[in-house]
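Q: The structure follows.
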């Protein structure tokens with residue numbers, strides 16, 4: 001068994017989200033890193049292995065979390081746009097985007113790698129524990145993307161494998 005969790009490709013991320021929300025997703029690589037302490041913050045998914053060791057992080061900026069959550073829950077685009085503009089995610093949008101983060105754990109689970117699962121989701125501007133916060137802007141194996149959900153809007157996505 002390999003001891004290294006794989007870094008999913010931008011194509012794998014796009015295909016997973018497209019499959020979940022049932023909409024086309026346009027992805028551009030080379031996006032900016034998401035800083036969850038800046039602006040409206042970000043929805044942060046923390047992934048661990050079976051020993052509860054921090055393994056990966058996925059960050060969705062507020063607009064992308066609103067659009068992904070809305071697309072999954074069939075919430076009208078106007079409501080998602082209003083939430084993105086206000087920088088405030090309803091519990092429903094957080095729950096729906098959290099489901100996407102949960103399924104995203106499948107991208108880390110390769111046959112020869114340790115099993116990874118979603119452990120915790122932090123809402124935008126919720127303080128992150130020190131062991132998580134130190135990694136968010138680190139230059140580790142990561143994929144930073146600009147993403148657009150057809151019919152909803154654009155946002156930023158960061159995935160880090162630690």
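Q: Take the range 1-45 and flag every residue that is within 17 Å of residue 133 (Cβ to Cβ) and free of Cβ contacts under 8 Å to residues at least 60 places away in the same chain.
A: If the condition is that a residue be within 17 Å of residue 133 (Cβ to Cβ) and free of Cβ contacts under 8 Å to residues at least 60 places away in the same chain, then 38, 39 are the ones that fit.
Q: Got a number for residues in the range 71-92 being within 19 Å of residue 21 (Cα to Cα), in contact (Cβ under 8 Å) with a residue 40 or more places away in the chain and part of a loop (DSSP other than H, G, I, E, B)?
A: So the count comes out to 1.
Q: Of all residues in the range 129-158, which are in a loop (DSSP other than H, G, I, E, B) and in contact with a helix residue (DSSP H, G or I) (Cβ under 7 Å, 6 or more places away or on another chain)?
A: 151, 152
Q: Next up: Does residue 105 satisfy the criteria of being surrounded by 15 or more Cβ atoms within 10 Å (Cβ to Cβ), in contact (Cβ under 8 Å) with a residue 40 or more places away in the chain and part of a helix (DSSP H, G or I)?
A: yes
Q: Among the residues of the range 124-156, how many are more than 22 Å from residue 7 (Cβ to Cβ), in contact (Cβ under 8 Å) with a residue 40 or more places away in the chain and over 14 Å from the mean Cα position of the chain (by Cα)?
A: The number of residues fulfilling the criteria is 6.
Q: Could you tell me whether any residue of the range 144-153 is crowded, with 17+ Cβ neighbours inside 10 Å and more than 14 Å from residue 68 (Cβ to Cβ)?
A: Looking through the range 144-153, at least one residue is crowded, with 17+ Cβ neighbours inside 10 Å and more than 14 Å from residue 68 (Cβ to Cβ).
Q: Only residues that are assigned to a loop (DSSP other than H, G, I, E, B) and either in contact with a strand residue (DSSP E or B) (Cβ under 9 Å, 6 or more places away or on another chain) or on the phi > 0 side of the Ramachandran plot (or both): list them for the range 36-70, please.
A: Answer for the range 36-70, where residues must be assigned to a loop (DSSP other than H, G, I, E, B) and either in contact with a strand residue (DSSP E or B) (Cβ under 9 Å, 6 or more places away or on another chain) or on the phi > 0 side of the Ramachandran plot (or both): 36, 39, 40, 41, 50, 52.
Q: Something else now. Considering the range 22-35 alone, what residues qualify as being buried (at least 18 other Cβ atoms within 10 Å of the Cβ) and either at pLDDT 95 or above or in a strand (DSSP E or B) (or both)?
A: Across the range 22-35, the qualifying residues are 25, 27, 34.
Q: Yes or no: residue 119 modelled with pLDDT of 95 or more and either within 24 Å of residue 76 (Cα to Cα) or over 12 Å from the mean Cα position of the chain (by Cα) (or both)?
A: Details: modelled with pLDDT of 95 or more: yes; either within 24 Å of residue 76 (Cα to Cα) or over 12 Å from the mean Cα position of the chain (by Cα) (or both): yes.
For residue 119, the condition - modelled with pLDDT of 95 or more and either within 24 Å of residue 76 (Cα to Cα) or over 12 Å from the mean Cα position of the chain (by Cα) (or both) - is met.
Q: So residue 52 fits all but one of (1) closer than 26 Å to residue 7 by Cβ; (2) buried (at least 24 other Cβ atoms within 10 Å of the Cβ); what number is the exception?
A: Failing condition for residue 52: (2).
Q: Being more than 14 Å from the chain's Cα centre (by Cα) and either modelled with pLDDT of 95 or more or assigned to a helix (DSSP H, G or I) (or both) is the filter here; which residues of the range 1-14 pass it?
A: 11
The values are calculated or read from the model by the stated rules, or taken from the named source; none is laboratory data. Quick caveat: nothing in here was measured; it's all calculated off a predicted structure. All Cβ positions, glycine included, derive from the backbone under ideal geometry; neighbour counts span all protein chains shown.
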